[in-house]
Amino acid sequence: MRFAVEEINRSPDLLPNVTLGFQVYDSCAGLQQEVDGTLMLLTGQNEGVPNFACREKPPIVAIIGHSISTFTILLAYMLGLYKYPQISHFSTSSFLSDRKQFPSFFRTVPSDAFQSKGLAQLVLHFGWTWVGLVAVSEDYGQQGIQVIKQEILRGGACVAFTEYIMTSLPDKNAVHLTKVIRQSTAKVIVVFSTDAEMIPLLDEMMMQNVNGKIFVASEAWSTSNILSVAKYSSILSGSIGFSFHSSIIPNFKSYLNSLKPFNVPGRSWAKIFWEKAFGCKLLDEKNFTSSWDDSTMLCTGNEDLGRISTSYNDVSSLRGAYNLYTTIYVIATSLHHLHSCQEKSGPFHNGSCADLQHFKPWQLTHYMQSVRFRLNNGGDFFFDDNGDPPAIYDIVNWQVGVDGTMSHVKVGSYDTTKTEGRAFTIDQGAVQWALGDNQVPISVCSQSCPPGFRRVVRRGEPVCCFQCVQCPQGEISNQTDSLACLKCPWDQWPNLHRDQCFQKSIEFLSHEEALGATLTVTSVFSSTVPIYIFGLFLNHKNTPVVKANNYSVSCLLLVSLCFCFLSSLTFIGYPMPEKCLLRQATFGMVFAFCVSCILAKTIMVVFAFMATKPGSSLRKWTRPLVSYMIIALSSLLQFILCASWVLLAPPFPENNIQTQPGIIIVECNENSPVAFWCMLGYLGLLATISFIVAFLSRKLPDSFNEAKFITFSMLAFLSVWVSYIPASLSARGKYTVAMEIFAIQASSWALLICMFVPKCFIILFRPKMNSREHLMGKSKR
């Protein structure tokens with residue numbers, strides 16, 4: 001303050017021909033003394049008298065102080081009544097920004113509202129979502145910690161606990177606080193307190209050996225020298241927090257070094273400092289003979305302070321001192337503007353101005369509210385509507401030195417005058433955490449959920465305490481800590497980790513794969529066997545075996561069996577619309593024709609036997625036309641059923657994504673399961689009728705009887721298709737199609753073997769049995 005006042009008094013541009021003075025009152029940090037001192041300054045006497053000003057000249061311009069917010073609030077209430085300008089260089093309580101309660105209060109230090117928001121952003125910047133809050137139980141701590149809590153919660157983080165340093169208790173509540181901190185899983189503790197109030201807490205933490213916590217410091221202790229000693233390095237190393245913006249005052253260091261112990265106020269203090277700085281005994285005329293002996297090194301008082309380096313002459317990072325320096329310039333600049341007012345152009349009634357020697361306190365308050373000037377560090381200084389300056393903070397990190405003491409290293413800044421996205425800057429590589437570790441500590445209630453999982457809050461706990469649940473089938477999460485999983489598109493499926501969607505594999509019974517190729521080859525090969533037998537029958541059509549078993553119907557049956565084998569090919573390959581439309585109808589018609597032929601053969605066997613009886617009227621029913629009519633009628637009913645199905649509810653291809661998750665099954669939707677099972681049931685009906693008729697006529701004479709072979713063939717046919725029903729219902733995807741193909745081929749082979757293999761065996765290997773004599777002889781037996 002002395003340096004700033006002397007600098008202004010020497011300036012030819014600021015308050016020329018006007019000398020500033022000052023009066024200092026030491027309240028000794030006592031609230032009652034603060035009130036008494038303020039009243040004495042206002043009264044101008046050795047005793048304060050409310051509502052009286054006995055001072056004549058010069059007038060009291062402004063009151064500077066206090067540094068403690070609680071004291072400042074009381075002082076501001078009182079000075080606001082008289083409209084006296086009051087400026088604090090250290091009180092940061094956001095309560096003081098209330099212009100209605102404190103109309104004449106100003107400060108050159110930012111409000112805690114800015115600091116609290118910035119500290120919350122600092123916590124969120126490092127990804128700390130589980131933090132503890134500790135504050136001093138005064139206005140400064142209570143208001144500041146509440147804003148931090150609100151901002152942290154708004155940012156998505158959680159508060160593990162909120163505790164207070166009780167200034168009214170002898171131990172400051174240190175035992176309870178230490179217990180809470182030790183038991184909490186939060187690794188980061190935000191402390192909104194003064195340095196002196198923290199000492200009992202730190203001592204208790206050392207006694208209980210509580211380590212491994214990272215402290216986030218408010219400006220009141222972020223650059224504290226009494227806490228930077230080696231004693232607390234195991235607890236406070238790595239701490240990070242906000243401090244007032246540091247700056248340099250030109251020529252201030254040389255001014256400090258030029259002072260002597262005999263030319264300053266407070267000579268007793270100066271004597272103590274001088275002796276500690278130079279390690280000697282400073283004597284004057286009054287105490288020259290007291291407490292002195294030959295071994296004592298004497299100080300002359302002319303020692304050079306510039307040769308030593310102490311916290312006294314370290315001006316590299318002036319914070320509170322620079323705020324006080326700015327305060328003096330605010331008052332001087334406001335006085336200069338008041339003094340420079342031109343009559344008739346003033347801001348008061350009828351353009352009047354104020355007299356520098358007789359102005360009213362509220363008149364200077366007016367000029368102070370609108371003051372604006374450039375600081376020597378290049379920044380602009382002004383007050384907002386609440387009397388607050390622009391909020392600029394340094395971010396400091398506590399780093400342990402070689403001697404164990406901690407230094408406060410600037411690693412970033414928080415400047416509210418910049419745009420929202422650029423207000424907060426930090427050099428993360430310059431930050432050293434506990435004991436020199438560069439890895440950012442983790443403070444979370446629950447570990448982050450990796451991609452592929454989502455967060456589920458544990459009941460009764462904060463949102464930051466959660467468990468990780470894997471995304472359900474068909475859903476993914478591709479971000480850390482996802483709150484919900486996203487469904488993959490219908491044609492995609494999650495990978496194994498469920499953090500990406502990939503194209504689903506497409507499945508159908510293809511000609512290229514082993515199963516499809518095998519069935520294709522089997523179908524083609526099988527279809528050649530009926531053709532070969534047809535040729536064999538054609539070459540031996542005049543033999544008794546062929547003629548005795550209805551040659552024409554046998555030929556139709558062989559042709560239909562050939563088509564039965566070939567019909568399975570329509571089920572293999574990509575399900576095109578044409579394939580889906582006709583494959584089941586083709587299968588149904590071909591098999592209906594085939595079974596109709598067998599039914600005709602069965603009925604004709606019965607008619608042929610009964611027609612041999614004397615006087616039988618059934619001889620006319622043994623003609624070939626009857627067989628054709630039975631075949632045509634039986635096939636016509638199946639044709640009507642299949643045609644109705646295709647016209648009214650035609651099958652169509654579809655992508656089935658329900659049966660097998662992760663696979664698109666390209667299949668034919670039959671559209672009408674009722675029509676499908678009716679078609680298949682009709683085949684079963686024909687086969688059952690053939691089986692019953694053949695079974696009942698199995699004991700007819702062997703010469704004309706195929707009933708035994710028909711019985712076995714129908715029994716095998718029915719067994720295959722009855723087995724197909726549960727097998728098809730349990731199969732999935734292409735295997736359902738393969739099961740139907742297998743049933744088609746198995747039932748066709750059953751008919752082919754039972755109906756034609758015995759005859760072919762006789763024709764090829766037992767030609768003697770293929771004679772009328774043999775058949776007649778067998779008949780006679």
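Observations
- Whole-percent pair-distance distribution, where bins are 5 Å wide, for the alpha carbons of region 53-104: 5, 21, 31, 22, 10, 7, 3, 0
- Gain in span if fully extended, THR19 to LEU483, counting 0.36 nm per residue against the direct Cα distance: 160.3 nm
- In angstrom, the C-alpha Rg and Dmax of region 1-41 are 14.4, 41.
- To the nearest ten degrees, helix 267-278 and the longest principal axis of the Cα atoms of the chain are 60 degrees apart.
- FRET efficiency for PHE639 and PHE502, using Cβ-Cβ distance with R0 set to 56 Å, rounded to 0.05: 0.75
- Measuring with a 1.4 angstrom probe and ignoring ligands and nucleic acids, LYS541 comes out at about 90 Å² accessible.
- Isotropically averaged projected area of region 344-407, using the convex hull of Cα atoms (one quarter of hull area), nm²: 8.3 nm²
- The accessible area of ILE533, taken with all protein chains in place and a 1.4 Å probe, comes to roughly 10 Å².
- A simple rule links phi to the HN-Hα coupling: the Karplus curve 6.51 cos²θ - 1.76 cosθ + 1.60 with θ = phi - 60°, which for region 672-678 gives 10, x, 4, 5, 4, 6, 5 Hz, with x for Gly and Pro.
- For region 119-257, the alpha-carbon coordinates run over 51, 35, 28 Å along the three principal axes, in decreasing order.
- Spacing of the two label points (7 Å from each Cα toward its C-beta) at HIS349 and ALA53, in nm: 1.7 nm
- Inter-part distance where region 179-228 and region 335-352 are each reduced to a Cα centre, Å: 52 Å
- Restricting the calculation to Cα atoms, region 618-697 yields a radius of gyration followed by a Dmax of 18.9, 65 Å.
- Rounded tilt (10° steps) of 69-82 against the dominant C-alpha axis of the chain: 60 degrees
- Kirkwood hydrodynamic radius of region 457-576, from inverse mean 1/r over distinct Cα pairs, in Å: 20.0 Å
- Accessible surface of TYR682 - all protein chains present, 1.4 Å probe, nearest 10 Å²: 40 Å²
- Descending Cα extents along the principal axes, region 280-429, whole Å: 76, 54, 21
- Rounded Å value of the spacing that divides the Cα centres of region 361-391 and region 547-573: 107 Å
- With N counted as the residues of region 442-505, its alpha-carbon radius of gyration over 2.2 N^0.38 Å works out to 1.22.
- Overall form of region 74-186 per C-alpha gyration tensor (a/c, 1.5; a/b vs b/c): oblate
- With every protein chain in place, region 619-696: carbon and sulfur % of accessible area (1.4 Å): 73 percent
- For the residue pairs LYS179/LYS231; LYS504/LYS734; LYS253/LYS281; LYS172/LYS231, the alpha carbons lie more than 23 Å apart in LYS253/LYS281.
- Histogram of C-alpha separations across region 366-469, 10 Å bin width, %: 12, 23, 22, 25, 13, 5, 0
- From largest to smallest, the equivalent ellipsoid semi-axes obtained for the chain from the alpha-carbon gyration tensor read 113, 28, 20 Å.
- Taking Cβ atoms as reference points and 12 Å as the exclusive limit, the residues near ASN386 contribute a net charge of -1, counting Lys and Arg as +1 and Asp and Glu as -1.
- Sulfur and carbon atoms: percent of accessible area, region 470-543 [1.4 Å]: 59 percent
- Under a 5 Å amide H cut-off, with hydrogens placed 1.01 Å from N, GLY48 pairs with MET40 among residues at least 5 apart or on other chains.
- Phi-based couplings in Hz for region 140-154 (Karplus 6.51, -1.76, 1.60; Gly and Pro marked x): 4, x, 5, 5, x, 6, 5, 5, 4, 4, 4, 5, 5, 5, 5
- Solvent-accessible area per residue for the chain (1.4 angstrom probe, square angstrom): 49 Å²
- Based on the convex hull around the alpha carbon atoms, region 656-746 presents an average projected area of 6.7 nm².
- Of all accessible heavy-atom area on region 711-765, the percent that carbon and sulfur account for (1.4 Å): 80 percent
- Computed log₁₀ I(q)/I(0) - Debye formula, equal Cα scatterers, no solvent, region 1-157, q 0.16 Å⁻¹: -0.95
- Computed from Cα positions, the angle between helix 707-730 and the longest principal axis of the chain comes to roughly 10 degrees.
- Absence of a disulfide-compatible partner, taken as no other cysteine beta carbon within less than 4.7 angstrom, is noted in the chain for CYS28, CYS54, CYS555, CYS562, CYS564, CYS594, CYS597, CYS642, CYS678, CYS754, CYS760.
- Long-range amide H partners of PHE453 with built H, under 5 Å: CYS471, SER477
- Prolate/oblate/rounded label for region 216-374 (Cα gyration tensor, a/c 1.5): oblate
- Solvent-accessible surface ranking, highest first, for HIS349, HIS540, HIS497 at 1.4 angstrom: HIS349, HIS497, HIS540
The values are calculated or read from the model by the stated rules, or taken from the named source; none is laboratory data. Being a predicted model, the structure only gives us computed values, none of them experimental. Heads up, the Cβs are rebuilt from the backbone with ideal geometry, glycines too, and the neighbour counts pull from every protein chain shown. To get the accessible areas, we keep the full protein, side chains included, count just its heavy atoms, and leave off ligands, DNA and RNA. Shrake-Rupley method; radii C 1.70, N 1.55, O 1.52, S 1.80 Å.
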